[in-house]
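Visitor: Quick one: this structure, given as structure tokens, is what I'll be asking you about.
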Amino acid sequence: MAKFQLGRLYCTAGAALKDDTPEFDSFVWQALARYTEGDWGELSTGDKAQNDAAIADTDGGRILAAYENKKHPAWKIWIITESDRSVTTVLFPDEY
């Protein structure tokens, strides 16, 4: 069960067009599954704590996670959910 609402799910054009392969698609969906369960990927301890606090706080807070694919270093993605939980976006860090 998800720990928080994702809202509408978006993917930036760069992330959507980067690598149109089943393997990349699987990586993104696995990252989203980890994200909804509170696994923040490759973040600092402090950033992970901020995400946990944002989920626990009834007023919310922005949530950010970073995931890397060891076999494909260019496949590092971020997932960001806005503080009002209306939108979650999958993107590459250089698109931020």
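Laboratory data are not the source of any read-out in this text; all were calculated from the coordinates shown. These figures come from a predicted structure and were not determined experimentally.
Visitor: Relative to the first principal axis of the alpha-carbon coordinates of the chain, what is the inclination of helix 22-36, with its axis defined by its Cα atoms, in degrees from 0 to 90 and to the nearest 10?
Guide: Tilt of helix 22-36: around 10 degrees.
Visitor: Any idea what the relative contact order of the chain is, in percent, if you count C-alpha pairs under 8 Å spaced at least 6 apart? Mind dumping the intermediate values first?
Guide: On the way: 141 pairs, mean separation 34.6, N = 96.
Value for the chain: 36 percent.
Visitor: Now a separate question. Working from Cα positions, state the angle (0 to 90°, nearest 10) between the long axis of helix 45-56 and the longest principal axis of the chain.
Guide: The two axes meet at around 60 degrees.
Visitor: If you don't mind, another one. How large are Rg and Dmax for region 8-95 when only the alpha carbon atoms are used, in Å?
Guide: In Å, with Rg to one decimal and Dmax whole: 12.8, 38.
Visitor: By DSSP, what percent of the beta bridges with both residues in the chain are antiparallel, rounded to the nearest 5?
Guide: In the chain, approximately 65 percent of DSSP beta bridges are antiparallel ones.
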